[in-house]
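Report on the structure given below.
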Amino acid sequence: MTSKRIRLLASGTAFAALACATVVFHSDLLTWRRNTVLPLGSVAEEPIRVAVIVCVVYLLCVYSIGYLLSLLAVVENHSRVREGEAEGWEIIARSRFTIPVSVIAPMHNEEGLAVRVVHALLELQYPEFEVIVVNDGSTDQTLERLTREFALLPFDRFERRVLPIGTVDAVYRSETEPRLTVIDKVAGGNKAEPLNCGLNFARYRYVCCVDGDTIYERHALLSSMRLVLRDPGRIVGLTSQIVVATHPELPYRRTTGLLGSTLLLNFQHLEYLRSFLTTRLAWSRMNSVVCTSGAFMLYRRDALEEVGGYSPDFSCEDIELTFRVHEHFLRSERPYRILSMPEPVARTEGPDRLGGLISQRARWQRVMLETTWHYRRMAFNPRYRQFGLIGIPFCILSEVLAPFVEVLALTTLAAAALFGAVSWPEYGFAVSLMSLALASLSVLAVRLEDVGTRSYRVRDIVWLIVLSPLELTVYRPFLVWAHAQGVLAFFRGDKRWDRFERNLR
Amino acid sequence: MNGTDTFLELALGAFALVWLGLALYVLLTRLIYDLGGALLDRVRKHGVQADLRYAGDPEALLRRLPRRILERTAADPATPRPAAALLAGHVLERHPADIIRLARAPGRRRRWRRIRALRILTLAGWHSALPLLEEAVESGDEDVVAAAVAMLGSLGNRRSAEVLSHALRTQRFSRSRIAAQLDESRMPIADLLLPLLEADEQQLRFWGATLLSRYAGREEVATALGQAAADPDPSVRAAAVESLAVGESSAATTTAVALVRDPVWFVRAHAARALRGLEGTAAAAVAPLLADESWWVRAAAKETLEACPAVALEVLVDYLDHVDPFARNGAAEVLQNTGVLDALLSAGEARRPPDGPGPDTLRRILAAGGPRLTASAAARNGLDGEELQGLAASGG
């Protein structure tokens, strides 16, 4: 299942920048500042002027905040990397006091990766954990392949019925791997239901909800629980970095690297890096993480149960749950923390076709609108502290308003072009400026990743640096289109949980 | 060129410089790191082969490396210990005063360098490392304390255990993390832990009871744990009964059997688990917990009963018709997991006349387990599910 909730620092605003910057710096158009009139006539002049001002102010706000967030992210990354170096993981890896974790992996038609995903989960380096796979009404060979590989036999188990979960057909246990439980249930039509089902069966104090199409690093639990163990009373949720890879089933060093991948996947790789390392880390420092990624959501089970588990009423479950947990703890005035970690804990497949990418991002845009609309009472409300006063407002600014500003900017650009008010050489200047502003953030993200892991080959670092200035013009326009589709779907009330088709291999 | 054009050009130039500067910085730092890594690989190889003596080639290589890289690699927990010790010794030999000064450096800004210096001193086996670590534990900086606690644990001597025990008392850091280090101690430290059971603070008594499990076989410890099992705080009672069970003394059984009736659910759950492996007596004492109000207690009871399959059927057969549906479910699940259900099915009990003794037990298990358990049993044994569901529904 795919729900990589990646929210970008300048998500969707870059294309707007492209349009706005072009128009605003046009020499003819700028004459309004000097109290002269445009050659395009008084009827068009005023609306264009207002639109330009709106777009530029918006753009400056988003970029300024983005750069401030990056500075915070640098500090946070430095602390996390040093913490890891200072303490080491050996004791946590073998201590009986390390809190056990239930890993929940919902799967729906994942026959291609299911076996490898479960193997990767069972190979996690952690003293005590269980893996609960919830087969959510797969119509392909997912269950059969798991049955064959892990010698599954149906053995009923009476679960806690704390959350509504639909119909469970059978519970399987493995003859070869005692830590594995597979639950076969009737398809719920969303990811929330199988996750709640897994929660009902989970036995341990922390639960880690993962994706069924994502391969996890062996240290994933150790590196994330290391921080939780410092303060389990307060840390109720945690997420960590997910990496987009062409072959997630293979470790990076055994692949040809980013140069052997497609341009589309490389842009997604860069985008994920920036999102996790220059944005979420900063929000983590301010305890305002807006989304614990669906590919790696580590939560204290009692916190999840208190808030009523995952909600099936939204197109996607992860961002809404994060909002709800914030709301719950802030309303009850109990100390809590939701963290985002810089360590890459998993490799996932991104869509390698444009159609898949647009449909995925449209869904993300839709769920962002659904969630912010549902929790609008929290925005600018001092009761919800920094999350209500900074986190949600920034979310509204950069995510919710982005599609509207994008449409406004494009319309303005089209109008200005129609009236001959666009100077194309200056357009090129403005585009370059915006491209480099975004690219600098991308390179910073590459640096943060490299300093933490040192895993990239040098040639891949060079490739990412070269790609970074192209992102705005080559990749972003498709996201603008996706955002617009997401907005339309939101207004239509569409709540489909559509995932992109697996990439062909 | 008007003012706006100039502004645009300046801005573009500034961003181009930022981008280029960052790109070069990323690449250069990485190349330096790789270069250092290659040299260090050679050092590691030589260091291990030369039994950690600084001789010839490794020494020459080490001198070519910048101090910062040497320090960082020596202090990195990922560096194999022999190589780390070799590097730490080298760094300390070259800059002793500086390293000691850094190990004492107060303030948050220099905390990472302080941690690195402490690690170098510890690895190099420097005589005054322990007092410096003790000082670090008292520093109040969470990161410094965390690192110092880990280093004290790695020392594994009596004095470091005393410092850790003191840190546990004064809660200088997460108690579970300090306890994890104490639990790894190679020295016998029961005498340090026993006084914790007398502490006023319930958390300390809890950790005392938990950590003493390693010494539960000793008479004085078993006695103290027995007393702790009557502690007013439930978490202490739960820890005490679990630790006592490790010692497998007769007191352990008596205490656990008494605590399965504790008013607090998690004490009952721990008591039930403590009875695992204590066979005979366990089953009879634990079986009533199948009807407990808490799911966790019922789960613990089931685990314990599954661990004594020899007596499970005898004890559980009465629970198949229990008034509480949870107890019926639980009994059926245990009989399923211990193989009793499959044994009855493979013996052909399902096809015998329904009034015989065998089919009745089978029918009662299936009826108690419900349709999902019955369907699972049929699938597992290659039987007709509907036929089994019919048997489950018949009689009773």
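A short reminder: the numbers here are calculations on the coordinates, not readings from a lab. Please read all numbers here as calculations on a predicted model, not as lab measurements. FYI the Cβ positions are ideal-geometry reconstructions off the backbone, even for glycines, and counts take in every protein chain you see.
Among complete DSSP H helices in chain A, those whose alpha-carbon atoms stretch at least 18 Å along the helix's long axis and whose mean Kyte-Doolittle hydropathy reaches 0.5 are A:42-87, A:402-418, A:424-453, A:476-492.
This ranking places A:Cys395, A:Cys208 by how few other beta-carbon atoms lie within 10 Å of each, fewest first, which gives A:Cys395, A:Cys208.
All other residues whose Cβ lies under 14 angstrom from that of B:Pro263 are scored, Lys and Arg at +1 and Asp and Glu at -1, for a net of -2. Each peptide in B:213-225, A:343-355 was scored by the mean count of other Cβ atoms within 10 Å over its residues; highest first, the order is A:343-355, B:213-225. With a ≥ b ≥ c the root eigenvalues of the C-alpha gyration tensor of the stretch A:252-291, is it rounded (a/c under 1.5), prolate (a/b larger than b/c) or oblate? Prolate, because a/c is 1.5 or more and a/b exceeds b/c. Please report, to two decimal places, log10 I(q)/I(0) for the stretch A:358-505 at q = 0.14, 0.17 Å⁻¹ as given by the Debye formula with identical point scatterers on the Cα atoms and no solvent. Each listed q corresponds, in turn, to -0.99, -1.20. Within the stretch A:155-259, all pairs of alpha-carbon atoms sorted by distance into 10 Å bins from zero give the percentages 11, 33, 35, 19, 2. Taking only the Cα atoms of the protein assembly as shown, the ratio Rg/Rh comes out at 1.02, with Rh defined as the Kirkwood radius.
I'd like the distance between the alpha-carbon centres of the stretch A:165-227 and the stretch B:114-164, rounded to an integer number of Å. Between the Cα centre of the stretch A:165-227 and that of the stretch B:114-164, the gap is 39 Å. The phi-based Karplus calculation (6.51 cos²θ - 1.76 cosθ + 1.60; θ = phi - 60°) puts the 3J(HN,Hα) values of the stretch B:211-216 at 5, 6, 4, 5, 10, 5 Hz, whole numbers, x for Gly and Pro. Past the 16 angstrom mark, what percentage of all C-alpha to C-alpha distances in the stretch A:290-376 do you count? Roughly 60 percent, once rounded to a whole number. Bridges between two residues of chain A, per DSSP, are antiparallel at a rate of about 40%. Normalised Debye scattering of the stretch B:160-234 at q = 0.12, 0.25 Å⁻¹ gives log10 I(q)/I(0) of -0.28, -1.22, counting only Cα atoms as equal scatterers and leaving out solvent. Remark: mean inter-chain Cβ contacts per residue of A:97-104 equal 2, using a 10 Å Cβ-Cβ cutoff to other protein chain atoms.
Taking the average, over residues, of other Cβ atoms within 10 Å as the packing measure, peptides A:167-173, A:321-327 rank A:321-327, A:167-173 from highest down.
Using only the C-alpha atoms, the convex hull of chain A corresponds to 145 Å³ per residue.
For the residues of A:425-436, the average number of beta carbons from a partner chain within 10 Å of their own beta carbon is 3. Working note: Cα atoms of the stretch B:65-132, range along each principal axis, descending, whole Å: 30, 24, 21. Look at the stretch B:8-20: the mean tally of other chain Cβ atoms within 10 Å of its residues' Cβ atoms is 6. D by Stokes-Einstein for chain B, Kirkwood Rh over Cα pairs, 20 °C, 1.002 mPa s: 81 µm²/s. With a ≥ b ≥ c the root eigenvalues of the C-alpha gyration tensor of the stretch A:47-158, is it rounded (a/c under 1.5), prolate (a/b larger than b/c) or oblate? In terms of gyration-tensor shape, oblate.
Which GluC sites (Glu not before Pro) in the stretch A:127-173 sit in a loop by DSSP (not H, G, I, E or B) and have at most 15 other Cβ atoms within 10 Å of their own Cβ? Hits after loop and neighbour filter: A:Glu128. Overall size of the stretch B:210-287 from C-alpha positions, given as principal axis extents largest first: 31, 27, 15 Å.
Over chain A, dividing the summed -39,500 (n - 2.57) contributions of all DSSP H runs of at least 4 residues by the number of residues returns a 222 nm mean residue ellipticity of -15000 deg cm²/dmol.
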